[in-house]
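The values are calculated or read from the model by the stated rules, or taken from the named source; none is laboratory data. As the structure is a computational prediction, the values presented were derived from the model and not from experiment. Backbone-built Cβ (ideal geometry, glycine too); neighbour counts: all protein chains shown. Just the protein is used for accessible areas: all its heavy atoms, side chains included, with ligands, DNA and RNA removed. Shrake-Rupley method; radii C 1.70, N 1.55, O 1.52, S 1.80 Å.
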Amino acid sequence: MNITKTSYPRIVIIGGGFAGVALAKKLSKQEVQVVLLDKNNYHTFQPLLYQVSTGGLEPDSIAYPIRKILKDFPNFYFRMAVVEEIDTDKNKVKTNIGNLKFDYLVVASGSTTNFFGNSEIEKHSMAMKTIPQSLNLRSLILENFEEALLTSDLNERNALMNFVIVGGGPTGVELAGALAEIKKGILPKDYPDLDTRSAQIHIVQSGDCILKGMSGKASAKAEDFLEKLGVNIWKNVRVTSYDGKTVTTNTDLTFETATLVWAAGVKGATIKGLDAEEFVTRGNRLLVNQFNQVKGFRHIFAIGDIACMVSDAFPHGFPMMAQPAIQQGDQLGENILKFIEQKPMKAFVYKDKGAMATIGRNKAVVDLQHYKFQGVFAWYVWMFVHLFFLIGFRNRMVVFVNWVYNYVRFDREARLIIRPFKKRLKK
């Protein structure tokens, strides 16, 4: 990999997400060599992926070059690589561009979509975890409407304009709200010769409420917002299969749709060499102690979505969201330096700063530690928080200008089929 040899300890970080970037920043300008590996050369602000999927934002407004984030840091190296295996005996990372020795390893590989072993659904549904996946979904949505114009078969036309979202978490709720607003304000103008009123948006939730991780008040208010936007919410219903045309469930309920979006869960993105049963727990996550050390190792750590730190308050680990990842990355930066100096490390304590979700224009729900509110003010809070955590002044300005324009004009300019996508239909 052409990494300069040095007398400094080498810390290899796998993953340039929230956790990996936070850790790299914390280790900047310290007497260590930091090597960050990621399959992409950019950091993705995942909470706004749904806006890329629905044409509200272009992908470059929620992505930022990793090299630019850390360009002024000495002893920092970035390599675009796919990590294939971790050799824990020889302290070596094996990648598609070569091997690299490490003194300390931090796995921050994040998470991937969890289809719970259903290969048919995985083959025919759409995930929304990465920028390429979001662009694929955007293209598919627009292509379906173009195709709906051309068919005289009413059932086929309705299927092309129907959307089924599996999962009532923040991703599913925010995507459904965005699609509902597109149906109401944009599709009639773009497709005046198509009866877009027949388009249907469905959320299928296996549990008895949406936004399960938030308060009951937030869940009820989000459901009310969605229903007023015309979204159909099906609770206590589990999707069992999808063949590219028909969605079947564990009840008599079925859906005819050309677009099924799977937002029903995620799992840890484990890597060969650290994927044995003794390391991995529920959700395919790596078991770590209170210092983020992977079970059975002193010099290998895990942070963010991939890490499962069990406590009384969080028996299944911390929620797989940005805040725990950022906080773990920040503190591990201090702990690794203490560990190198043979000083006692500080146990990680998660500071829950709350949760929020937006359902559309002037509609959001916010749960803070001592305050819970919904509506217009919550929507402004949601926008401010997301702008604040975006990396880069340009990204903040571009997103802000886009939001203002979309709000004033009730429009989404990025309705472009840049890279056509055709779903693989079952033969």
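Among all the aspartates and glutamates, which ones have a C-alpha under 15 Å from LYS363's C-alpha, if same-chain residues fewer than 8 places away are not counted? Within the straight-line limit of under 15 Å, LYS363 reaches these aspartates and glutamates: GLU174, GLU181, GLU223, ASP224, GLU227. Surface analysis of segment 51-139 yields an accessible area of 41 Å² per residue, using protein heavy atoms and a 1.4 Å probe.
A DSSP coil position with no more than 16 other Cβ atoms inside 10 Å describes the following chymotrypsin sites (Phe, Trp or Tyr not before Pro) in segment 89-187: PHE116. Calculate, for segment 168-315, the solvent-accessible area per residue in square angstrom, rolling a 1.4 angstrom probe over the heavy atoms of the protein chains. Value returned for segment 168-315: 45 Å² of accessible area per residue.
When the residues VAL35, VAL398 are ordered by accessible surface, computed with a 1.4 Å probe over the protein chains alone, the sequence from largest down reads VAL398, VAL35. Measuring against 19 Å, Cα to Cα, the residue pairs LYS217/LYS372; LYS26/LYS71; LYS94/LYS129; LYS68/LYS92 contain LYS94/LYS129; LYS68/LYS92 as the ones spanning a longer distance. The residues of segment 346-427 have, on average, 64 Å² of accessible surface per residue, using a 1.4 Å probe with all protein chains present. For the chain, the dipole from Cβ point charges (+1 on Lys and Arg, -1 on Asp and Glu) about the Cα centre works out to 1000 debye, to the nearest 20. What the Kirkwood sum gives for segment 108-265 is a hydrodynamic radius of 16.1 Å, with every pair of different alpha carbons counted.
A dipole drawn for the chain from +1 and -1 charges on Cβ atoms has a positive end, and of VAL365, ILE336, LEU286 the residue lying farthest that way is ILE336.
LYS363 sits among other residues whose Cβ lies under 14 Å from its own Cβ, and their net charge, with Lys and Arg +1 and Asp and Glu -1, is -1. Among the listed pairs LYS295/LYS353; LYS39/LYS346; LYS235/LYS272; LYS39/LYS101; LYS221/LYS422, those with a Cα-Cα distance over 26 Å are LYS295/LYS353; LYS39/LYS346; LYS235/LYS272; LYS221/LYS422. With all protein chains in place and a 1.4 Å probe, the accessible surface of the chain carries 52 percent carbon and sulfur.
Loop sites here are GluC sites (Glu not before Pro) outside DSSP states H, G, I, E and B with no more than 15 other Cβ atoms within 10 Å. The longest part of the chain free of them is 32-276. Other residues lying with their Cβ under 14 Å from the Cβ of GLU256 contribute a combined charge of -1, Lys and Arg counting +1, Asp and Glu -1. Comparing TYR405, SER311, PHE377 along the charge dipole axis of segment 297-416, the residue lying farthest to the positive side is TYR405, per the Cβ-charge model. Its DSSP H runs of at least 4 residues, each contributing -39,500 (n - 2.57), put the calculated 222 nm mean residue ellipticity of the chain at -9500 deg cm²/dmol, to the nearest 500. Give me the net charge of MET309's neighbourhood, meaning all other residues with Cβ under 13 Å from the Cβ of MET309; Lys, Arg count +1, Asp, Glu -1. Surrounding charge for MET309 is +1. Take each peptide in 105-111, 261-267, count the other Cβ atoms within 10 Å of every residue, and average; sorted highest first, the result is 105-111, 261-267.
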